[in-house]
Structure formats: structure tokens, C-alpha cells
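Any read-out appearing in this document is the output of simple, stated calculations on the displayed coordinates, not a laboratory observation. Worth saying up front: this structure is predicted, and the values here are computed from it rather than measured. Every residue, glycine as well, gets a Cβ built from its backbone with ideal geometry; the counts of neighbours run over all protein chains shown.
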């Protein structure tokens, strides 16, 4: 089959980028002719023809981050003329790619906006739409200006794939004037490269990791605040924070204040909150509550933990696959809804315990990973995002690190087996083709 994938972004770094790179590779491995439209001029994928639409250097995004070679604007910042030019350029590129291929048999549009609307305007049919959380939560829901484009794309799609039941409900709530949307929505979580993410025997006792965007909504501040509670019980433990984003300076300031034992400055970071990411000052409620009444001797514990936290910068996906097998634990403390707990799945595939926020797609992943684990270990997989979350993170990390190695190793084997059974890119590729064809009876509906 001739398959067209429209992504529009890079093929490295963030979740949807990795999703499309792996999906394209899986489809090519199955013998399909794959045409992938993106803005990545460097990545090569065997058996995949990559097309780069000429968008004139202006890259609209959902969460604003720098991208070398582009002028970057969040979608709401675009003028009508800029948005129109972006759409027209991509529609033209899709038509050109489809025409050069001699027609397209199946297609996938990524993100609620603008991929589905672009394929609809380009006359590509049939196609499936994959809803990643960022466009839905950061662009369409808070900015009604983009609702017409979302409706346009969803109405044209043969099938709509979501990573979790949480994302399905959020999508339906965002587009209430399209009752037929529920009938075409199916579960379509991403997969994991179980060969790339696998235990390696190089695990470092006491190593805890975070991998993700350094933005307020990822909750890294909660992990940093919890860290002195971990070091107090496990003095050899180390924390590595991998990622990039507008909140990095705020996180570094928080860490520095903790290492000085300066809780007044830590409280100021919590009060400023979103201002440290470039927005308006808005306090971080959970962090503020923790610093309003910290545990006994917390300042001394924070000073004693100095030097045990390292910001290691942005990692490529292959570098993440090297990090997780070395880690005891990977923490995913997002305070904002996530479409799927991909970091948790990759960590589990590598034999690291995934400790995730107990909501949205992350909670659904934690529940799927729990069967087969001892009850006391399954309870470590998630924590409630509410006042007390800092202490809850510290408690879960401490309890895992205190377990005998034999119990941890048995749990690791169970996690690895579960990931291999539930998630694979070959299965994702087959689901995409079924959704594109409108063969929705083959796919599970959101629970």
C-alpha cells in the first residue's frame, strides 16, 4: 500500500516526533510504500520517502520552544495571514507528494490541528487522525479560534485514534457539536521499541531519572522538592533531569535554593510559578503548600542533598534508551493531562520502575502495568496530584529503593514482559491502516 503520514514537525525529541519516526519505520518494514511529510531535514529512515513542505521558515507549535533554523510561534500568536500561508503551503505539499506517488491508499494526519484539516483540504481520502494531547489541550481547548479547523479535520477523518480514554473524553468535550465523533473514536496508543528499550545489565543503584520538557506542567518542581526526602534515607541516590524548556531557569533556581537551605527563596519560586516560564505570575499550589509546612529538618536535609542532582540537557531518543536501563526509577510527575504515558512504558521496557502522576493517560498506563506485580509494588506506580504529592513522590521512591534486590529484579522482569505483550510498533502500524480504511470494528473503543 502507498501510505502517507502528515506530521509537520521534527522526527526527534518529543513524543509525537518519535511516534511518527517509529510508525514510518514499522510501516516500511511491513512492505508498504511510505511518504512522510515533516520539517526534519536531517533524519533518514530506511524505506521511507521524507517530504519537507516549504513553510517559509515560520513554524507554528503548541508549546513554544526554540527550533534551530525556524522562527517559532505558538499557534495563538499567528496572524490570520500567517496561518493561511502555513495551511496553503502544507496542502500544496501533500497534493504534490500524493500526485508523485500515483495516489495514496491510506493516510494518517497527526494532531487535532492542523494535520487533519490539511489532509481534508488536500483531498486525501481515506485517512485516520491521531490525537496527541498537546494540540488538544494547549491550542484548541483554550483558544476557540481553532475549533473550526478541528471540526473540519474530524469530520473528514475515517477514524480517530486516541492514546487513552482520558484523551477521548477530553476530545469529545472540546467538540460537542459533532456527536458522530464518538462513533469513530478508537484506542490507538503508541508503541515502544522493545529492542532499543531493554534491560542492559548496566543499572546504577540509586539512580533516578526524569525525561521530558522542562515546563511548569511537567511537575519537575515536585520531584526536586521531594528529592531531599529521598536522599535522607538513601544517601547514595542520584537524580538526573533530562530535557529542555522555558522553565529550566526556574527549576535551577529552585534547586539552588534547596541546596543552600534557603526555603524563603524556594517559597518565592512557588509563588511566582508560571511567571518563571514566561507567563503571568501564578502560584504553584502543591509546591506552595509543601513549603508552607515542610517536614521537620527539611532545610538541613535539602542542604545535605547538595550535589546529587544533575541537569543533563536534551537527549536524543537513542540516548534515552541508554539512560533508562541504568536507572532504578523514572519519574513522570506531570500536573497537566497527558494523552499517554509513553515515558513510563519506555522506562518499564528498560526495567526501570515508572512512577507516574495518577491521572489521564499516565494513570491508564500504570493500571495496565500493575497486573502481575505484587500489590505493594503496584501501588508505587502512581501518586495523586494534590496537596501532599511531594511527600507521595518521596515515599514511593524510598520504598522501591529499600526493597531487596531480588524483589526489585522480579518486578523488573514482570514490567518488561508486560510491555512486550501490550505495546509494539508493528501492532500500531496495523491499527493505523485499519483506522484509515474505516475498519473500526477491528479496534477497541475507549473504555
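Just a few scattered comments:
- With Cα atoms, 0 to 90° folded angle of helix 165-174 axis to the chain main axis: 60
- For the chain, the calculated P(r), taken from all Cα-Cα distances in 20 Å bins from zero up to the bin holding the longest distance, is 26, 56, 18, 0 percent.
- Placing a label point 7 Å from the Cα of residue 46 along the Cα-to-Cβ line, the residues of the range 1-33 whose backbone N sits under 16 Å from it are 22-33.
- Label zone at residue 297, where the point sits 7 Å out along the Cα-to-Cβ direction: the range 180-215 residues whose backbone N lies under 17 Å: none
- Label-to-label distance for residue 405 and residue 77 is 5.0 nm, based on points extended 7 Å past Cα in the beta-carbon direction.
- Translational diffusion coefficient (Stokes-Einstein; Kirkwood radius from C-alpha pairs) of the range 207-422 at 4 °C, 1.567 mPa s, in µm²/s: 76
- Full-extension gain in nm, residue 264 to residue 145, via 0.36 nm per residue minus C-alpha separation: 38.7 nm
- Gain on full extension, evaluated as 0.36 nm per residue between residue 386 and residue 430 minus their Cα-Cα distance, stands at 12.0 nm.
- Between helix 15-29 and the chain: long-axis angle, C-alpha atoms, 0 to 90°, nearest 10: 50
- Neighbour counts of C-beta atoms inside 10 Å place 414, 167, 43 in the sequence 43, 414, 167, starting with the fewest.
- Residue order, fewest to most surrounding Cβ atoms within 10 angstrom, among 432, 377, 131: 377, 432, 131
- In the chain, helical runs assigned H by DSSP with n ≥ 4 each contribute -39500 (n - 2.57); averaged across all residues and rounded to the nearest 500, the mean residue ellipticity at 222 nm is -13000 deg cm²/dmol.
- By other beta-carbon atoms within 10 Å, ranking 229, 415 with the fewest at the front produces 229, 415.
- Radius of gyration, Dmax [the range 228-273; alpha carbons; angstrom]: 12.0, 32
- Nearest 10 degrees, 0 to 90: helix 147-156 Cα axis against the chain principal axis: 60
- Estimated FRET transfer efficiency (residue 249, residue 105; beta-carbon r; R0 60 Å; 0.05): 0.80
- Theoretical gain in end-to-end length, residue 173 to residue 54 [0.36 nm per residue, Cα-Cα removed]: 39.4 nm
- Efficiency of FRET between residue 413 and residue 288 - r from beta-carbon atoms, R0 45 angstrom, step 0.05: 0.65
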